[in-house]
Amino acid sequence: MKIRYSLLLLSLLLGFTQCKSPNVKPDRISNEALMDTVQRRTFNYFWDGAEPNSGLARERIHMDGVYPENDKNVITTGGSGFGIMAVLAGIDRGYVTRAEGLARMERIVSFLEKADRFYGAYPHWWYGDTGKVKPFGQKDNGGDLVETAFLMQGLLAVHQYYINGSAGEQVLAKRIDTLWRDVDWNFYRQNGQNVLYWHWSPEYGWEMNFPVHGYNECLIMYILAAASPTHGVPTAVYNEGWAENGAIVEPHKVEDIELHLRYQGCKAGPLFWAHYSFLGLNPTDLKDKYCTDYFNEMRNLTLINRAYCIRNPKGWKGFGANCWGLTASYSVKGYAAHAPNEQSDYGVISPTAALSSIVYTPEYSLEVMRHLYGMGDKVFGPYGFYDAFSETDNWYPQRYLAIDQGPIAVMIENYRTGLLWKLFMSHPDVQVGLEKLGFK
């Protein structure tokens, strides 16, 4: 599996700063008030913390102000897709006015219309002031189809929010539709193969050589590729590429909990695999010929993660029923894809793991949310819970990553109202794509 962030860039020691503690004791705040507090603070990452020129999400925000690679204003495609959905929920909740929300979305779309694209696909990172690609790696300086899919998932939800609104809102929806139609998913089959490739570079072509197979976080990419009204891929790309002619099905147990799918490179993946594709795609009662119940599959993946942390085979301080959650995040070892196995467990809790799973395990996720809230400013800052911490190592970096903050706000909203699920699933092209691939 592709590690999502450069280990070199993120392996420096992380610093500390102070922020205001919660004003209400955790045992006295209702679940609804707690969720709203967390959602509102996390929304602020994408509102107050946004890169000013583009309106999109900064890749990272460090409260200590230390950016060793001078990347404070570097923006992220996938994290921005998640952030757009978080902002949309904030608009609907009245965190900002509808007029303010529309102005921000217009700024975002104006930037996206001019920013670097490669056969309609956006890069992993841009410079926020220019819209020019910032290479994610030497050969990763072109289109990133997975990150583009995460962005399009958010934009299609925005489209549905505005399509029947005021005249200005409808104009914005049409501009979004143009961006969506411009993505050439077929090009990323690399000369007509029945599989989608993650990267293409104008300088290095297909040298990254990363065909995407399941299961991992990339299901949404295949669904959107099939859904495109202009560059839609045939069903065979899903069946032969993503599902590898049925090899994706591999019933097995982890922590005595059943899984049905084969998880790439492991028995049970990090929890972002249960989040990124399902911020807009509603897993409830969703099935195809490879999985009879995506909601139950993702719920079981979450329960495995929790059960592993409770068993805590490596004896980490703090792990337990109210403090669990392993996923890709900052780590005591740079950046790491933490997962429920001893090789990938460094004693680091990533709040996004349990909190973004609230749609699958609401009672258990709320226990974690309440416990973390009670830890105060060690883990809770102006933009919500910090990215990761380790009680064993007394390691509490006050730093954020967009791609981890976004799912927290989006999944809390989906748990509360289902808003982002309703919007994304209502898009006509999405419905066509799901039907084309045999989803029910």
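Using the crude model of +1 on Lys and Arg Cβ and -1 on Asp and Glu Cβ, and no other charge, please compute the dipole size for the chain relative to its Cα centre, in debye to 20.
Roughly 480 debye, rounded to the nearest 20.
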>> If you roll a 1.4 angstrom probe over the protein chains with everything in place, what fraction of the accessible area of the range 31-437 belongs to carbon and sulfur, to the nearest %?
In response: 45 percent
> Residue by residue, what Karplus-based ³J(HN,Hα) values in Hz, rounded to whole numbers, does the range 340-347 have, using 6.51, -1.76 and 1.60 with θ = phi - 60° and x for Gly and Pro?
Replying inline: x, 8, 5, 5, 9, 10, 10, x
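Equivalent-ellipsoid semi-axes (√(5λ), Cα gyration tensor) for the chain, whole Å, largest first?
Result for the chain: semi-axes of 30, 26, 22 Å.
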> Are there any helices in the chain, counted as whole DSSP H runs, that stretch 20 Å or more along their axis by Cα and score at least 1.6 on average by Kyte-Doolittle, and if so which?
Replying inline: none
> Taking a probe of 1.4 angstrom, what is the accessible area of Cys323 in Å², to the nearest 10?
Replying inline: 0 Å²
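Protein chains only, probe 1.4 Å: how do Lys267, Lys436 rank by accessible area, largest first?
Largest accessible area first, the list is Lys267, Lys436.
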> If one computes the Cα centroid of the range 292-341 and of the range 390-414, what distance in Å separates the two points?
Replying inline: 14 Å
> Hey, which of these cross-link pairs are over 31 Å Cα-Cα: Lys253/Lys289; Lys289/Lys317; Lys114/Lys287?
Replying inline: Lys289/Lys317; Lys114/Lys287
> So who's got an amide H within less than 5 Å of the one on Ser331, skipping anything under 5 residues away but keeping other chains? H placed 1.01 Å off N, in plane.
Replying inline: Ala336
>> Give the residue list of trypsin sites (Lys or Arg not before Pro) in the range 284-360 that are DSSP loop and have at most 14 other beta-carbon atoms within 10 angstrom.
In response: Lys289, Lys314, Lys317, Lys333
>> Give me the percent relative contact order of the range 38-120, please, defined on Cα pairs under 8 angstrom at least 6 residues apart.
In response: 29 percent
>> How many angstrom lie between the Cα centre of the range 260-277 and the Cα centre of the range 176-203?
In response: 24 Å
>> Given a 1.4 angstrom probe, what's the average accessible area per residue across the range 192-263, in square angstrom?
In response: 36 Å²
> Ranked highest first by the average count of other Cβ atoms within 10 Å around their residues, in what order do 396-405, 175-184, 62-71 fall?
Replying inline: 396-405, 175-184, 62-71
> So what is the accessible area of the range 356-397 per residue, in Å², with the probe set to 1.4 Å?
Replying inline: 28 Å²
>> 5 Å is the cut-off here: which amide hydrogens, built 1.01 Å from N in the peptide plane, fall below it relative to Ala339, excluding neighbours closer than 5 in sequence?
In response: Ser344, Asp345
> When ligands, DNA and RNA are left out and all protein chains stay put, how many square angstrom of accessible area per residue does the range 108-170 have with a 1.4 Å probe?
Replying inline: 32 Å²
>> Given the -39500 (n - 2.57) contribution per DSSP H run of 4+ residues, what per-residue ellipticity at 222 nm results for the chain, rounded to the nearest 500 deg cm²/dmol?
In response: -11500 deg cm²/dmol
>> Solvent-accessible area of Thr361, probe 1.4 Å, all protein chains present, reported in Å² to the nearest ten, please.
In response: 10 Å²
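The values are calculated or read from the model by the stated rules, or taken from the named source; none is laboratory data. No experiment lies behind these values; they were computed from the predicted model shown. Note: ideal-geometry Cβ built from the backbone for every residue, glycine included; neighbour counts use all protein chains shown. For accessibility, only protein heavy atoms count, side chains too; no ligands or nucleic acids. Shrake-Rupley method; radii C 1.70, N 1.55, O 1.52, S 1.80 Å.
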